[in-house]
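Peer 1: If you scroll down you'll find the structure; I have some questions about it.
The values are calculated or read from the model by the stated rules, or taken from the named source; none is laboratory data. Bear in mind the structure is a predicted one, so any value in this text is a computation, not a measurement. Please note: Cβ atoms are built from the backbone with ideal geometry, for glycine as well, and neighbour counts cover all protein chains shown. Surface accessibility is based on the protein's heavy atoms, side chains included, excluding ligands, DNA and RNA. Shrake-Rupley method; radii C 1.70, N 1.55, O 1.52, S 1.80 Å.
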Amino acid sequence: SNEGNDTWSAFDIVGHLICGERTDWMPRVRLILKTGEARPFEPFDRFAQIKENEGKSLEELLNEFGRVRTENLVSLRLLNLQKEDLARQGKHPAFGTVTLAQLLATWAVHDLTHMHQISRVMAYQYREAVGPWSAYLGVLQCNGHSAS
């Protein structure tokens, strides 16, 4: 289920996380280390998962996410980043200059945002069923914080 028109289901969210693993986080880390601000990041298609995941099951997506995340974390560790690397800069197409430290922090918080979103989506299906207890269930009061 989802939260209504133009919202994502848990399936869509996991698909979005996979797309980020493939085309956003580590490619941008590598680009900063290789070219700095000389070449801007490729724009991220926040809706690519809709077409890419047609015909797949949630179980397949969860397995794929586990695999690509593990690969990316191994790759990140192998870079053996030092404090001075974290200050290196890249060029975001909308925000301009960003640091590697900001990119890595955003990767973590992006995931937390979507974990929050998944809990909201899962709780939403029970909004009527819980009756008066909804007043005590904060996840049912949250209107979200991100379009994706």
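Peer 1: Quantify, in whole percent, the carbon and sulfur part of the accessible surface of region 10-140 (1.4 Å probe; protein heavy atoms only).
Peer 2: Values: 4720 of 7990 Å².
Reported share for carbon and sulfur atoms: 59 percent.
Peer 1: Then there's this: Take the Cα radius of gyration of region 1-84 and divide it by 2.2 N^0.38 Å, with N its residue count; two decimals is plenty. Before the final figure, lay out the partial values.
Peer 2: Details: Rg = 15.1 Å, N = 84, 2.2 N^0.38 = 11.8 Å.
For region 1-84, the normalised Cα radius of gyration is 1.28.
Peer 1: Let me check I've understood the local charge: for Asn143, count other residues with C-beta under 10 angstrom from its C-beta, Lys and Arg +1, Asp and Glu -1. What total comes out?
Peer 2: That works out to 0.
Peer 1: Quick check: residue separation of Arg69 and Leu112 times 0.36 nm, minus the Cα distance between them. What number comes out in nm?
Peer 2: Numbers: separation 43, 0.36 × 43 = 15.48 nm, distance 1.44 nm.
Contour length minus the Cα-Cα distance gives 14.0 nm.
Peer 1: What Kirkwood hydrodynamic radius, in Å, does the chain give when the mean of 1/r is taken over all pairs of distinct Cα atoms and then inverted? Intermediate values should be presented prior to the final figure.
Peer 2: Working: mean 1/r = 0.0587 Å⁻¹.
Hydrodynamic radius (Kirkwood, Cα pairs) of the chain is 17.0 Å.
Peer 1: Same structure, new question: Any idea what angle helix 100-124 forms with the longest principal axis of the chain, computed on alpha-carbon atoms, 0 to 90 degrees, nearest 10?
Peer 2: 10 degrees
Peer 1: Please state, as a whole number in µm²/s, the translational diffusion coefficient that the Stokes-Einstein equation yields for region 74-113 at 20 °C and 1.002 mPa s, with Rh defined as the Kirkwood radius across alpha carbon pairs. Walk me through the numbers before you get to the answer.
Peer 2: Details: Rh = 11.1 Å.
Result for D is 194 µm²/s.
Peer 1: Grab the other residues whose beta carbon is less than 14 angstrom from that of Ser134, score K and R as +1, D and E as -1, and report the net. Kindly include the intermediate steps, with their values, before the conclusion.
Peer 2: On the way: positive: Arg120, Arg127; negative: Glu128.
That works out to +1.
Peer 1: Give the angle, between 0 and 90 degrees and rounded to the nearest 10, that separates the Cα long axis of helix 58-78 from the longest principal axis of the Cα atoms of the chain.
Peer 2: 30 degrees
Peer 1: Report relative contact order for the chain in percent, whole number only (criteria: Cα-Cα under 8 Å, sequence separation at least 6). Please report the intermediate quantities before stating the final value.
Peer 2: Details: 137 pairs, mean separation 48.2, N = 148.
Taking the mean separation of contacting Cα pairs over the length of the chain, I get 33 percent.
Peer 1: Any chance you could give the angle, 0 to 90 degrees and rounded to 10, that helix 10-23 forms with the longest Cα principal axis of the chain?
Peer 2: Helix 10-23 and the main axis of the chain meet at about 0 degrees.
Peer 1: Here is a follow-up. Give a residue-ordered list of calculated ³J(HN,Hα) values for region 24-33 (Karplus: 6.51 cos²θ - 1.76 cosθ + 1.60, θ = phi - 60°; whole Hz; x for Gly, Pro).
Peer 2: So the J values, rounded to whole Hz, are 10, 4, 5, x, 6, 4, 4, 5, 4, 5.
Peer 1: What FRET efficiency, computed as 1/(1 + (r/R0)^6) with R0 = 25 Å and r the Cβ-Cβ distance, is obtained for Ser134 and Asn5, rounded to the nearest 0.05? Write out the running numbers ahead of the final one.
Peer 2: Working: r = 21 Å, r/R0 = 0.86.
Plugging the Cβ-Cβ distance into 1/(1 + (r/R0)^6) gives 0.70.
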